[in-house]
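K.L.:
Once you've had a glance at the structure underneath, I'll fire off some questions.
The values are calculated or read from the model by the stated rules, or taken from the named source; none is laboratory data. The shown structure was predicted, so the numbers you read here are calculated from the model rather than taken from an experiment. Methodologically, a virtual Cβ is constructed for each residue, glycine included, from the backbone with ideal geometry; neighbour enumeration extends over all protein chains shown.
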Amino acid sequence: MKVAVYPGTFDPVTNGHLDVIKRGLRLFDKVVVAVGMNPVKKSLFTLEERLDLIRETAKDVGSIEVTSFDGLLVDFVAECGACAILRGLRAVSDFDYELQRALMNRKLSRDIETVFLMTGFRWIYISSTIVKEAARFGGSLQGLVPEQVEEALRKKYS
């Protein structure tokens, strides 16, 4: 069984994230969506809220597991028995950052590959940060995030 880990903060999960998960399942038998606990980032949603939102919005996607991790990503990937790290790329600016991370992960573990998927064109401009900013100022989130996420954002900013 080929397993990939799709790590991120998912604060919140967007339609772009869900697109990468679905497309990742075309390449892998299972995708582990791993919410990282990053003490440097200040998240809007708690870890449990992020896990719940992903589980709720991706429940019909296919063979996925939603969990959290702390520590080195390559250690977590090895614990999962995964062979790859799945990452989405939106623009050239993403590539520079992601390449650095992929090279470091490769240095730490030669057995784990990083697979990049170009974000679908309709999601190329979406990021969790932009979605939160739009929600904060009452902008429309239609088509950017699942309905459950839109509701959760409205509650956070009301």
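K.L.:
What is the residue count in the stretch 90-115 for residues that are closer than 18 Å to SER127 by Cβ, within 16 Å of the chain's Cα centre (by Cα) and part of a helix (DSSP H, G or I)?
P.N.:
5
K.L.:
Answer with yes or no whether THR119 is at pLDDT 95 or above, within 19 Å of VAL31 (Cβ to Cβ) and of a type in the set (Val, Ile, Thr).
P.N.:
Against the criterion (at pLDDT 95 or above, within 19 Å of VAL31 (Cβ to Cβ) and of a type in the set (Val, Ile, Thr)), THR119 does not qualify.
Each row is one residue, and each column tells you yes or no for (1) without any contact (Cβ under 8 Å) to a residue 40 or more places away in the chain; (2) surrounded by fewer than 16 Cβ atoms within 10 Å (Cβ to Cβ).
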position	(1), (2)
ALA58	no, no
ALA82	no, no
LEU86	no, no
VAL92	yes, yes
ALA102	yes, no
PRO146	no, no
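K.L.:
Kindly establish whether VAL13 is over 14 Å from the mean Cα position of the chain (by Cα) and assigned to a loop (DSSP other than H, G, I, E, B). It would help to see each step written out before you state the result.
P.N.:
On the way: over 14 Å from the mean Cα position of the chain (by Cα): no; assigned to a loop (DSSP other than H, G, I, E, B): yes.
No, not satisfied.
K.L.:
Scan the stretch 72-89 and give yes if some residue there is basic (Lys, Arg), in a loop (DSSP other than H, G, I, E, B) and at negative phi, otherwise no. Please lay out each step first, then the result.
P.N.:
Start the filter on the stretch 72-89 by keeping residues that are basic (Lys, Arg), which leaves 87.
Narrowing further to those that are in a loop (DSSP other than H, G, I, E, B): none.
Looking through the stretch 72-89, none of the residues is basic (Lys, Arg), in a loop (DSSP other than H, G, I, E, B) and at negative phi.
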